[in-house]
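The values are calculated or read from the model by the stated rules, or taken from the named source; none is laboratory data. Since this is a predicted model, take the numbers as computed values, not measurements. Virtual Cβ from ideal backbone geometry, glycine too; neighbours counted across all protein chains shown. Accessible surface is based on the protein model in full, side chains and every heavy atom, while ligands, DNA and RNA are left aside. Shrake-Rupley method; radii C 1.70, N 1.55, O 1.52, S 1.80 Å.
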Amino acid sequence: MDNPDFIIIGAGSSGCVMAERLSASGRHKVLVLEAGGDDRRFFVQMPLGYGKTFFDPKVNWMYRAEPDPGLGGNVDHWPRGRVLGGSSSINAMVWVRGARADFDDWRDAGNPGWGADDMFAAFRSVECAVIGDDALRGRDGPLKLFVPSKTTHELTRKWFQSAQAIGLPLNADFNGVDQEGVGQFEFTIHGGRRLSAARAFLRPAMKRPNLRVITNAHVTGLIFEGTRVTGVTYSRGGRTVTVKAGREVILSGGSVNSPQLLQLSGIGPAEHLKSFGIAVRVDNANVGRNLEDHIGINYTFRANCPTLNQQLGPWWGKLNAGLRYLLLRGGPLSVSLNQAGGFIRTSPDRPRPNIQLYFQAFSTVIPRPGERPILSPDPWPGFSIGWSNCRPKSRGEIMIRSADPLDAPRITPNALSHEDDVAEMLETGRIVRKMAAARPLADCIEAELLPGPDVTDDAAMIDDIRRRSGTVYHPVATCRMGPDPARSVVDARLKVHGIAGLRVVDCSIFPNIVTGNTNAAAIATGWRASELVLQDVA
């Protein structure tokens, strides 16, 4: 494509939406550059295939964080999508918008146009939901959502009853008026296949003559004329290619790759860039900093009744599940394993939920190196109740480790470095045990396997939390939005402070993390950002 109006760097959740919206009128030529390859792969399309893509470098950047003192010195695995659809092609497909208050916080931080009313309008535009209130939920959007009610395990229903027994409400729609309670999640699954951002937005748009997508194109730098970005350079097949943008370059690399490319291009903390011989264009200490992420852990129990372990563990169970999927697009391979969960407050005086719960009618106590073990569960019946903190106070950073664009950046999460985060994780551990001790779930438990019945005092529970917790893959805020360049990277129209012709559109611009999984908010961000771009070029 000669002289595209817009160059979008990255075909992830936000980038796919931007490509569809900016090309829809036919008036603008749009070029998408994706470092990864095609998403038409069996384990990408099969919903439970994320157990395989978790460690597959063909579709996954396979990042590793620095040893983290807050996690007992562990090195956390950071999967990020390197494929059309980005992380929406390898995630667990849970669709949670976030709380209305999250987005009102964005607006109140000096970002007009990003409050709950604005973002929930974007959610309604992209959704095709089958549950909830017509006044709140979208019915005609391109993203068809799925609730796996027919495959709900009986143990999951018993968990709902035990949660209610300790005072938690049953919530039929986490994307409705209120998040609080337990219930089933919605998923980006349609017809037994993953409905990634690529499948829902990008592929239909690729039929248009004014949109071109180039895969295996690793963008290595931005081209400047003074303080304006006019194009990019990318590497593909051993060649370096330069391409100019008639209007704008839109960086949608995600919370890891977006700050990385800005730093490589001279936008970031000056002293850090100078240490690698990079000429500083904009000294902005926020690029790569303010990293927020949800940290999660599971408590695991041995059951005295069958769980999904018996369906997915033995060879005959795998064969049966495989045949059901291939022939009917049904069975356990056609859904995610995190089918249920909830949002709770760890104390009644909190104004809104601060913890997300996950219930899984399977267990993976026995580690399986080289594969996320959801396809190889324990040989006995087991289940897990997991949780993650919704609005952590701990902050980390993502910084380049050299001037080489092919070097993975240094990821320093500083997980559980704030004492309040540790306290709420500890409080939730006690709540989870109350659920497990309530009937009818208690009648199904043979033993607590992890952390085990001997781990009861605060010190032992905190030690276990640090040793076994890890990211739940929701990094945000490394190029956060705000009006003050001294505290942010982009303004409310997502334009990079101090630079013309360049916007950042992905989870990295979140001023703060949302209450729940981040993919829905990334997609809505792409939709909202497209409206702003089209307004500015009208």
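Key figures
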quantity: Exposure ranking of I509, I90 by accessible area [1.4 Å probe, largest first]; calculated: I90, I509
quantity: Cα radius of gyration and Dmax for the stretch 1-149 (Å); calculated: 18.2, 54
quantity: Stokes-Einstein translational diffusion, the chain - Kirkwood Rh over all Cα pairs, 1.002 mPa s, 20 °C, in µm²/s; calculated: 91 µm²/s
quantity: Rh (Kirkwood; distinct C-alpha pairs) - the stretch 124-199, Å; calculated: 13.6 Å
quantity: Helix-only [θ]222 nm of the chain, DSSP H runs n ≥ 4, -39500 (n - 2.57) each, per residue, nearest 500; calculated: -7500 deg cm²/dmol
quantity: Residues with amide H under 5 Å from that of Y63, placed H, sequence gap 5 or more; calculated: W78, R80
quantity: Sum of side-chain charges, F185 neighbourhood, beta-carbon under 13 Å (Lys, Arg +1; Asp, Glu -1); calculated: -1
quantity: Value of Rg to Rh for the stretch 305-421 (Rh from inverse mean 1/r over Cα pairs, i.e. Kirkwood); calculated: 1.10
quantity: Long-range amide H partners of R193 with built H, under 5 Å; calculated: none
quantity: Alpha-carbon centroids, the stretch 380-453 and the stretch 53-127: separation in whole Å; calculated: 16 Å
quantity: Listed residues W315, W61, W387, W527 arranged by accessible area, highest first, probe 1.4 Å; calculated: W315, W61, W527, W387
quantity: P(r) histogram, all alpha-carbon pairs of the stretch 92-224 included - 5 Å bins from 0, percent; calculated: 2, 9, 14, 16, 16, 15, 13, 8, 4, 2, 1, 0, 0
quantity: Entries of K52/K318; K52/K150; K274/K495; K207/K244 with Cα pairs more than 21 Å apart; calculated: K52/K150; K274/K495; K207/K244
quantity: Most to least accessible of T515, T227 (protein chains only, probe 1.4 Å); calculated: T227, T515
